[in-house]
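For reference, the structure discussed in these notes is given below.
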Amino acid sequence: MKKLFTILMLMLTLTAQAQGQQISYIEETKNWYNVYDEQGKKIGGLSRGSIGELKGWGTDFLVAKYYSFYRIYDAKGKVLKVMNVSDVGEIVGVSNNTITSQKGSWIFTWNKEGKKISVRTKN
(Lines give C-alpha, C1' and ligand atoms only; values in the text may rest on other atoms or scores of the structure.)
Protein backbone atom coordinates (compact mmCIF):
# COMPACT_ATOMS: atom_id res chain seq x y z
CA MET A 1 0.00 0.00 0.00
CA LYS A 2 2.82 2.39 0.89
CA LYS A 3 4.56 1.66 -2.42
CA LEU A 4 1.35 2.33 -4.36
CA PHE A 5 0.89 5.65 -2.53
CA THR A 6 4.47 6.66 -3.37
CA ILE A 7 3.94 5.82 -7.06
CA LEU A 8 0.68 7.80 -7.17
CA MET A 9 2.33 10.83 -5.56
CA LEU A 10 5.20 10.67 -8.06
CA MET A 11 2.73 10.50 -10.96
CA LEU A 12 0.80 13.51 -9.64
CA THR A 13 4.02 15.50 -9.22
CA LEU A 14 5.21 14.71 -12.77
CA THR A 15 1.78 15.59 -14.20
CA ALA A 16 1.77 18.94 -12.37
CA GLN A 17 5.28 19.73 -13.63
CA ALA A 18 4.33 18.88 -17.22
CA GLN A 19 1.32 21.21 -17.12
CA GLY A 20 3.33 24.23 -15.94
CA GLN A 21 5.55 25.12 -18.86
CA GLN A 22 8.55 27.30 -18.22
CA ILE A 23 9.42 30.29 -20.38
CA SER A 24 12.99 30.31 -21.61
CA TYR A 25 12.81 32.97 -24.31
CA ILE A 26 10.37 35.34 -25.98
CA GLU A 27 11.05 36.23 -29.62
CA GLU A 28 9.70 39.60 -30.69
CA THR A 29 8.67 39.95 -34.32
CA LYS A 30 6.90 42.81 -36.07
CA ASN A 31 3.43 41.60 -35.03
CA TRP A 32 3.97 38.78 -32.51
CA TYR A 33 5.60 37.73 -29.25
CA ASN A 34 6.51 34.04 -29.67
CA VAL A 35 7.05 32.17 -26.38
CA TYR A 36 9.56 29.27 -26.20
CA ASP A 37 10.35 26.70 -23.50
CA GLU A 38 13.75 25.36 -22.35
CA GLN A 39 13.92 22.92 -25.27
CA GLY A 40 13.33 25.67 -27.82
CA LYS A 41 9.79 24.51 -28.51
CA LYS A 42 7.25 27.23 -29.24
CA ILE A 43 4.58 27.06 -26.53
CA GLY A 44 2.59 30.16 -27.40
CA GLY A 45 2.22 33.24 -29.51
CA LEU A 46 0.65 36.54 -28.58
CA SER A 47 -0.30 39.31 -30.97
CA ARG A 48 1.34 42.66 -30.22
CA GLY A 49 -1.94 44.36 -31.10
CA SER A 50 -3.90 42.38 -28.53
CA ILE A 51 -1.49 42.50 -25.56
CA GLY A 52 0.37 45.78 -26.06
CA GLU A 53 3.97 46.39 -24.93
CA LEU A 54 5.88 43.50 -23.38
CA LYS A 55 7.39 44.64 -20.06
CA GLY A 56 9.16 41.39 -19.14
CA TRP A 57 8.78 37.74 -18.26
CA GLY A 58 9.44 35.35 -15.42
CA THR A 59 9.76 31.59 -15.33
CA ASP A 60 6.13 30.86 -16.21
CA PHE A 61 4.43 34.19 -16.85
CA LEU A 62 4.83 37.42 -18.79
CA VAL A 63 3.67 41.00 -18.22
CA ALA A 64 2.44 43.43 -20.88
CA LYS A 65 1.16 47.01 -20.73
CA TYR A 66 -2.02 47.64 -22.68
CA TYR A 67 -3.13 51.28 -22.48
CA SER A 68 -3.58 52.00 -18.75
CA PHE A 69 -3.45 48.38 -17.61
CA TYR A 70 -0.82 45.74 -16.97
CA ARG A 71 -1.87 42.21 -17.81
CA ILE A 72 -0.15 39.14 -16.41
CA TYR A 73 -0.30 36.14 -18.77
CA ASP A 74 0.69 32.50 -18.33
CA ALA A 75 3.10 30.87 -20.82
CA LYS A 76 0.26 29.94 -23.19
CA GLY A 77 -1.30 33.43 -23.22
CA LYS A 78 -4.11 33.08 -20.66
CA VAL A 79 -4.72 36.26 -18.64
CA LEU A 80 -3.97 35.62 -14.97
CA LYS A 81 -4.48 39.16 -13.62
CA VAL A 82 -5.22 42.69 -14.81
CA MET A 83 -3.73 45.58 -12.81
CA ASN A 84 -4.30 49.31 -13.19
CA VAL A 85 -1.16 51.32 -14.02
CA SER A 86 -2.26 54.06 -11.60
CA ASP A 87 -2.20 51.52 -8.74
CA VAL A 88 0.99 49.73 -9.72
CA GLY A 89 3.20 52.55 -11.01
CA GLU A 90 5.87 51.81 -13.63
CA ILE A 91 7.17 48.25 -13.91
CA VAL A 92 10.95 48.31 -13.59
CA GLY A 93 11.70 44.58 -13.57
CA VAL A 94 10.29 41.10 -13.99
CA SER A 95 12.20 37.97 -12.99
CA ASN A 96 11.65 34.46 -11.64
CA ASN A 97 8.21 34.74 -10.03
CA THR A 98 8.11 38.43 -9.12
CA ILE A 99 7.34 41.81 -10.64
CA THR A 100 8.94 45.01 -9.34
CA SER A 101 7.35 48.41 -9.86
CA GLN A 102 8.00 51.98 -8.78
CA LYS A 103 5.40 54.59 -7.93
CA GLY A 104 6.85 57.87 -6.75
CA SER A 105 9.41 57.08 -4.04
CA TRP A 106 7.94 53.62 -3.35
CA ILE A 107 9.16 50.28 -4.68
CA PHE A 108 6.60 47.45 -4.80
CA THR A 109 7.17 43.73 -5.30
CA TRP A 110 4.28 41.65 -6.67
CA ASN A 111 3.87 37.94 -7.24
CA LYS A 112 2.72 36.49 -10.57
CA GLU A 113 -0.89 36.46 -9.34
CA GLY A 114 -0.72 40.26 -8.88
CA LYS A 115 -0.62 40.16 -5.08
CA LYS A 116 1.59 42.78 -3.42
CA ILE A 117 4.26 40.99 -1.36
CA SER A 118 6.47 43.87 -0.22
CA VAL A 119 6.79 47.66 -0.17
CA ARG A 120 9.87 49.78 0.55
CA THR A 121 11.08 53.31 -0.07
CA LYS A 122 13.54 54.05 -2.83
CA ASN A 123 17.02 54.73 -1.43
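Details
- Reach of residue 42 by Cα under 21 Å, taken over lysines that are not fewer than 8 positions away in the same chain: 30, 55, 76, 78
- For the pair residue 39 and residue 103, the difference between a 0.36 nm per residue extended length and the Cα-Cα distance amounts to 19.3 nm.
- Highest average packing first - 30-40, 52-62, 105-115, Cβ atoms within 10 Å: 52-62, 105-115, 30-40
- Overall, the accessible surface of segment 47-86 at a probe of 1.4 angstrom is composed of carbon and sulfur to the extent of 52 percent.
- Shape box of segment 84-123 [Cα atoms, principal axes, largest first, Å]: 23, 22, 15
- Once backbone amide H atoms are built at 1.01 Å from N, residue 24 has 36, 37, 38 as its partners under 5 Å, excluding neighbours fewer than 5 places away on the same chain.
The values are calculated or read from the model by the stated rules, or taken from the named source; none is laboratory data. What you are looking at is a predicted structure, and each value in this text was computed from that prediction instead of being measured. Every residue, glycine as well, gets a Cβ built from its backbone with ideal geometry; the counts of neighbours run over all protein chains shown. For accessibility, only protein heavy atoms count, side chains too; no ligands or nucleic acids. Shrake-Rupley method; radii C 1.70, N 1.55, O 1.52, S 1.80 Å.
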